[in-house]
Amino acid sequence: MTLLQVMPEDDSSTVLLRTRDLTEIAAQLAPFNITLEQWATVPLPDGAGQDEVLAAYKDEVARVSAEGPYPLVDVVRLVPDDSDPTWPAKAEGARQKFLAEHTHDEDEVRFFVEGTGCFYLHLGDKVYAVVCEAGDLMSVPAGTTHWFDMGSRPHFCAIRFFQEEDGWIAGFTGAEISSTMPTLDELLAPAS
């Protein structure tokens, strides 16, 4: 289930808001032109390829692509592979790529087909950690300072929407704030 946790940028131990209410989450993000919506999920076979995923969500993809406009769409998948002894190192390398605070020159639009990931949005003097799960479509406007955590055992499949072929070029801020905030694993850990 989708989760929002809001914290001051200088004190991650203070939780200003923690909610799983989609209406409240959308209301908190709306002033920043960030949208979160939910689509009905479509059952797909394990390891469904890009063509199968895009076919399953063709109407929704066509709508978002036209509204964007986002003429380029692809599917990214990262799932645990315990048969590959190098998988943990590969997964951690992929995770580290997204953990540094950055911006993009175009919108970052992702639909989660399966699994979980967390967008950390650095908005003003607060950090909004938005945990997205299957069925969530998140749209983050160009220029929004953020980072993304896929957890220590990444498992997700997402449809990505782009305006340009090189749409995911990051402008890193150099700030260390991402290392001061709870990880996705910590956000989802049972309360003690």
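The values are calculated or read from the model by the stated rules, or taken from the named source; none is laboratory data. Remember, it's a predicted structure, so these values are computed and weren't measured experimentally. Cβ placement follows ideal geometry from the backbone for every residue including glycine, while neighbour counts extend to all protein chains displayed.
Give me the residue from the range 79-111 that is among the aliphatic types (A, V, I, L, M), in a helix (DSSP H, G or I) and touching a residue at least 24 places away in the same chain (Cβ under 8 Å) and, out of that set, surrounded by the most Cβ atoms within 10 Å (Cβ to Cβ).
91
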Which one of these is among the hydrophobic types (A, V, I, L, M, F, W, C), modelled with pLDDT of 95 or more and within 14 Å of residue 35 (Cα to Cα): 119, 148?
119
Of those in the range 43-73 that are among the acidic types (Asp, Glu) and modelled with pLDDT of 95 or more, the residue nearest to residue 121 (Cα to Cα) is 60
Here's a check for you: in the range 112-139, which residue that is among the charged types (D, E, K, R) and within 10 Å of the chain's Cα centre (by Cα) is surrounded by the fewest Cβ atoms within 10 Å (Cβ to Cβ)?
133
Of all strands (runs of 3 or more DSSP E) completely enclosed by the range 1-61, which ones contain at least 1 residues that are more than 16 Å from residue 136 (Cβ to Cβ) and in contact (Cβ under 8 Å) with a residue 24 or more places away in the chain?
3-8
